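The values are calculated or read from the model by the stated rules, or taken from the named source; none is laboratory data. Every value quoted in this text rests on a predicted model; they were computed, and no experiment measured them. Virtual Cβ from ideal backbone geometry, glycine too; neighbours counted across all protein chains shown. Note: accessible area is taken over every heavy atom of the protein model, side chains too, but ligands, DNA and RNA are not part of it. Shrake-Rupley method; radii C 1.70, N 1.55, O 1.52, S 1.80 Å.
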Amino acid sequence: MSEIDLSGFEKSVLESITEEAWLQLATDLIRCGQPRSGNALDPDQPHAEEEAIAHMVAGQLMDMGFKVDMPTKRHGRPNVIGRHMARAGGPSLMINDHLDTYPVVEPHKWDKTDFDPYKATRHGDLLYARGTSDTRGNMASALLALRAVMEAKPDLVGELIACFTVDEERDGTDGSIYVTQELGLKPDYSITAEPTAWGGPKGPWGMSISTANSGHCLVEIAVKGTKGHIWRPDIISNPILEAGKLLGDLTAMAFTHVPHKFMGHTPPAVSVVRIRGGLEGEMQFSPDTCVITLSVVGIVPGMTMESVISDIEAVASKTLQGGNDIQVEVRQVPDSLFVAGTEPVEETEEPVKTLMSVYQTMRGELPRLNRKNAFNDTIRFREAGINAVTFGPGEDGWAADNEWISIPKSVEAARMYAVTILRLLGAAG
């Protein structure tokens with residue numbers, strides 16, 4: 001790590017950002033409000049309730065000196081917005097993260113945390129628990145940086161905003177969509193503390209700056225046949241068998257799109273997430289309907305819900321060819337959202353320019369720039385016209401069970417956030 005180009009004041013600000021401080025804060029955040037903060041993407045699952053973690057974070061920000069509001073669209077789901085207005089004449093910079101986590105469905109697989117997914121447990125340089133990588137470990141880095149800056153009382157120019165949203169795991173309806181579209185929150189720049197790290201638990205590593213995001217959507221394919229008795233499979237049209245024929249072609253299909261100059265980790269693609277067929281209490285009959293649920297990921301600018309459905313319909317029609325009395329209906333999953341891909345923030349623009357400079361100062365190399373595949377609130381901020389990027393120590397592609405985050409990366413990210421805040425808002429000691 002090279003910090004030769006940090007000023008004396010910047011170095012003094014970083015003194016309070018320690019491994020011990022990060023571990024304590026991350027452990028507290030990971031446990032708070034769980035498991036009620038779990039928020040599945042599945043529209044048929046109940047919404048999370050992030051109230052406990054929201055009040056904890058609000059208390060942290062108030063203690064730092066922020067003026068805090070907790071705007072709420074849905075009961076039990078308060079967002080947290082802290083504002084610190086410095087001298088006029090500078091930009092507004094927002095540090096963002098989300099308060100919900102993904103639910104735990106199979107706790108018996110969490111052997112790294114003694115089968116308690118919310119018990120933050122250290123193994124070497126990794127901290128394990130639900131929410132470490134997505135995203136309370138990143139949140140701890142952001143809060144630690146904000147505290148270090150505020151306690152130093154620098155002479156900032158502009159406004160520093162701390163925005164912690166609900167409902168990110170389900171595309172932001174009660175969170176980032178609400179605060180931007182209904183409340184009009186629109187800072188000049190935003191940095192979302194979400195997973196962009198690479199390198200795994202060992203070896204050379206770094207953190208990309210995600211200057212754009214891919215989109216996604218949920219699609220259902222209803223394959224309809226004829227219900228019949230299990231003793232006569234020769235005279236029935238079993239939709240489960242027909243759906244099985246589709247799976248390989250769906251995963252191999254290519255979507256209609258114009259390749260973007262800045263593509264994501266994968267091209268637009270299908271991930272099969274659920275298959276439902278058969279009725280409880282009717283095992284002596286084959287069903288008349290089988291439903292395949294797909295997540296379409298890697299969506300780039302220019303793709304639409306209509307174009308996605310049309311492409312899938314073409315594959316289904318070619319594979320099944322309307323034979324064997326089979327009908328197919330392709331539709332968007334009810335109550336789900338289509339998320340479009342975003343245009344990138346250029347590397348010559350803020351906050352990318354300053355964040356790249358800080359990264360180079362502290363890591364001795366330039367960061368990678370990429371388009372992040374997964375959804376986060378950066379997408380909603382870009383839709384609102386904000387120069388918003390994603391940058392954080394969580395691993396980009398975190399584990400479904402035994403989720404973890406790198407402790408050294410998390411401390412390093414906190415230090416980078418702090419220096420970036422100071423430089424973007426023209427701080428003087």
Q: Please give the number of the condition Val419 fails out of (1) of a type in the set (Val, Ile, Thr); (2) under 23 Å from Ala21 (Cα atoms); (3) touching a Pro at 6+ places or on another chain (Cβ under 8 Å).
A: (3)
Q | Members of the stretch 287-300 found to be open to solvent by less than 30 Å² (accessible area, probe 1.4 Å) and under 25 Å from Phe381 (Cβ atoms), listed by number | A | Ser295, Val296, Gly298, Ile299, Val300
Q) Val272 passes all but one of (1) open to solvent by 70 Å² or more (accessible area, probe 1.4 Å); (2) without any contact (Cβ under 8 Å) to a residue 40 or more places away in the chain; which number fails? A) (1)
Q) So which residues in the stretch 78-88 are in a strand (DSSP E or B) and open to solvent by less than 80 Å² (accessible area, probe 1.4 Å)? A) Pro78, Val80, Ile81, Gly82, His84
**Q.** Among (1) surrounded by 24 or more Cβ atoms within 10 Å (Cβ to Cβ); (2) in a helix (DSSP H, G or I); (3) not charged (D, E, K, R), the one test that Asn96 misses
**A.** (2)
(Q) For the stretch 268-289, give me each residue that is under 30 Å from His257 (Cβ atoms) and among the hydroxyl-bearing types (Ser, Thr, Tyr). (A) Ser271
Q | Of all residues in the stretch 99-138 being part of a loop (DSSP other than H, G, I, E, B) and among the aromatic types (Phe, Trp, Tyr), the one that is most open to solvent (accessible area, probe 1.4 Å) | A | Phe115
Q. Counting just the residues of the stretch 160-181 that are outside any helix (DSSP H, G or I) and of a type in the set (Val, Ile, Thr), which one comes out most open to solvent (accessible area, probe 1.4 Å)?
A. Thr173
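Would you mention how many residues in the stretch 406-427 are of a type in the set (A, V, I, L, M) and over 15 Å from Met85 (Cα atoms)? Let's see the steps before the verdict.
Restricting attention to the stretch 406-427, the residues satisfying the condition of being of a type in the set (A, V, I, L, M) are 407, 411, 413-414, 416, 418-419, 421-422, 424-425, 427.
Remaining after also requiring over 15 Å from Met85 (Cα atoms): 407, 411, 413-414, 416, 418-419.
Within the stretch 406-427, residues that are of a type in the set (A, V, I, L, M) and over 15 Å from Met85 (Cα atoms) number 7.
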(Q) Looking at Ser317, Ser307 in this structure, which one is in a helix (DSSP H, G or I), open to solvent by 20 Å² or more (accessible area, probe 1.4 Å) and in contact (Cβ under 8 Å) with a residue 24 or more places away in the chain? (A) Ser307
Q | Identity of the residue in the stretch 182-198, within 20 Å of Thr211 (Cβ to Cβ) and either among the aromatic types (Phe, Trp, Tyr) or surrounded by fewer than 21 Cβ atoms within 10 Å (Cβ to Cβ) (or both), that ends up modelled with the lowest pLDDT | A | Trp198
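Can Thr226 be described as polar (S, T, N, Q), more than 30 Å from Ser307 (Cβ to Cβ) and open to solvent by 10 Å² or more (accessible area, probe 1.4 Å)?
Working: polar (S, T, N, Q): yes; more than 30 Å from Ser307 (Cβ to Cβ): yes; open to solvent by 10 Å² or more (accessible area, probe 1.4 Å): yes.
When the stated conditions are applied, Thr226 passes them.
Within the group Glu49, Glu15, which residue is of a type in the set (Asp, Glu), under 23 Å from the mean Cα position of the chain (by Cα) and surrounded by fewer than 22 Cβ atoms within 10 Å (Cβ to Cβ)? Walk me through it before giving the result.
Working: Glu15 fails: under 23 Å from the mean Cα position of the chain (by Cα).
That would be Glu49, the only listed residue that is of a type in the set (Asp, Glu), under 23 Å from the mean Cα position of the chain (by Cα) and surrounded by fewer than 22 Cβ atoms within 10 Å (Cβ to Cβ).
So which of Gly203, Gly184 is closer than 26 Å to Gly264 by Cβ, in a loop (DSSP other than H, G, I, E, B) and not acidic (Asp, Glu)?
Values: Gly184 fails: closer than 26 Å to Gly264 by Cβ.
Criteria check complete, one pass: Gly203.
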